[in-house]
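Reading through the structure tokens given below for one structure.
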Amino acid sequence: MAQLEAISTPEAPTALGAYSQAVAANGFVFVSGQLGINPSTGELAGETAQEQAKQALANIGAILKQAGSAVDQIVKVTIYLANVDDFKAVDSVYAKFIGPVKPSRVAFGSNVIPKPGALVEIEAIAAL
């Protein structure tokens with residue numbers, strides 16, 4: 001049976017529900033969907049998908065660091081967009097953030113994200 005470890009850092013927003021910021025298990029860390037919430041203010045980092053994606057990715061980076069992993073260890077990413085027309089703007093931020101080996105990825109548009117004003121949510125799986 002796998003040993004599970006909850007990962008938590010004040011450098012990323014606290015969970016908005018019954019979940020962990022991330023869980024480490026079997027040599028991987030599974031980062032829950034991150035919104036573009038600034039952990040210091042608890043507010044969305046901006047009104048655009050690009051601003052929110054930048055913050056969501058920063059949150060993922062902070063969580064991975066706490067887990068003992070890093071951005072260049074990400075193997076899988078899922079991006080949820082409220083509006084698929086924001087894909088190019090989010091992808092431009094993502095391309096600057098991600099490591100030299102591009103992880104596998106999927107992106108979905110037309111999602112209802114359960115926080116008013118949230119335009120993007122990003123989850124990731126990384127090796128430890």
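Collect the residues in the stretch 103-125 that are surrounded by fewer than 16 Cβ atoms within 10 Å (Cβ to Cβ) and modelled with pLDDT under 95, keeping them in residue-number order.
Once the filter is applied, which keeps residues that are surrounded by fewer than 16 Cβ atoms within 10 Å (Cβ to Cβ) and modelled with pLDDT under 95, the stretch 103-125 yields PHE108, GLY109, SER110, VAL112, PRO114, LYS115, PRO116.
Counting only residues that are in contact (Cβ under 8 Å) with a residue 12 or more places away in the chain, within 25 Å of GLU43 (Cβ to Cβ) and not small (Gly, Ala, Ser), how many does the stretch 92-113 have?
7
For (1) part of a strand (DSSP E or B); (2) within 16 Å of the chain's Cα centre (by Cα); (3) of a type in the set (Ser, Thr, Tyr), each residue gets a yes or a no:
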{"site": "PHE87", "(1), (2), (3)": "no, yes, no"}
{"site": "SER92", "(1), (2), (3)": "no, yes, yes"}
{"site": "LYS96", "(1), (2), (3)": "no, yes, no"}
{"site": "PRO100", "(1), (2), (3)": "no, no, no"}
{"site": "ALA107", "(1), (2), (3)": "yes, yes, no"}
{"site": "PRO114", "(1), (2), (3)": "no, yes, no"}
{"site": "ALA118", "(1), (2), (3)": "no, yes, no"}
{"site": "GLU123", "(1), (2), (3)": "yes, yes, no"}
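Please pick out the residue among VAL101, VAL71, VAL77, VAL84 that is hydrophobic (A, V, I, L, M, F, W, C) and in contact with a Leu (Cβ under 9 Å, 6 or more places away or on another chain).
One residue alone meets the criteria, VAL71.
(1) at pLDDT 95 or above; (2) outside any strand (DSSP E or B); (3) out of contact with any Asp or Glu (no Cβ under 6 Å at 6 or more places or on another chain); (4) under 24 Å from PRO116 (Cα atoms): which one isn't true of LEU64, the others all being true?
Result: LEU64 passes all but (4).
Which of the residues that make up the stretch 8-51 are free of Cβ contacts under 8 Å to residues at least 40 places away in the same chain, farther than 22 Å from TYR94 by Cα and aliphatic (A, V, I, L, M)?
ALA15, ALA18, VAL23, ALA25
Residues being over 16 Å from ILE122 (Cβ atoms), assigned to a loop (DSSP other than H, G, I, E, B) and of a type in the set (A, V, I, L, M, F, W, C): count how many of those fall in the stretch 1-59.
Count: 4.
Taking GLU43, is it more than 21 Å from GLY17 (Cβ to Cβ), at pLDDT 95 or above and of a type outside the set (Ser, Thr, Tyr)?
no
Whether any residue in the stretch 74-84 is outside any loop (DSSP other than H, G, I, E, B) and among the small types (Gly, Ala, Ser) is what I want to check.
Within the stretch 74-84, none of the residues are outside any loop (DSSP other than H, G, I, E, B) and among the small types (Gly, Ala, Ser).
Picking from LYS96, LYS88, LYS76, which residue would you name as being among the charged types (D, E, K, R) and under 21 Å from ALA6 (Cβ atoms)?
LYS76
Residue by residue, here is whether (1) farther than 24 Å from SER8 by Cβ; (2) surrounded by 14 or more Cβ atoms within 10 Å (Cβ to Cβ) holds:
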residue: VAL23; (1), (2): no, yes
residue: GLY27; (1), (2): no, no
residue: VAL31; (1), (2): no, yes
residue: GLY42; (1), (2): no, no
residue: ALA62; (1), (2): no, yes
residue: VAL77; (1), (2): no, yes
residue: ASP85; (1), (2): yes, no
residue: VAL90; (1), (2): yes, yes
residue: PRO100; (1), (2): yes, no
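Of SER32, SER92, which residue is of a type in the set (Ser, Thr, Tyr), touching an Asp or Glu at 6+ places or on another chain (Cβ under 9 Å) and modelled with pLDDT of 95 or more?
SER32
The values are calculated or read from the model by the stated rules, or taken from the named source; none is laboratory data. These numbers were taken from a predicted model, which means no experiment stands behind them. Cβ atoms come from the backbone with ideal geometry, glycine included; neighbour counts cover every protein chain shown.
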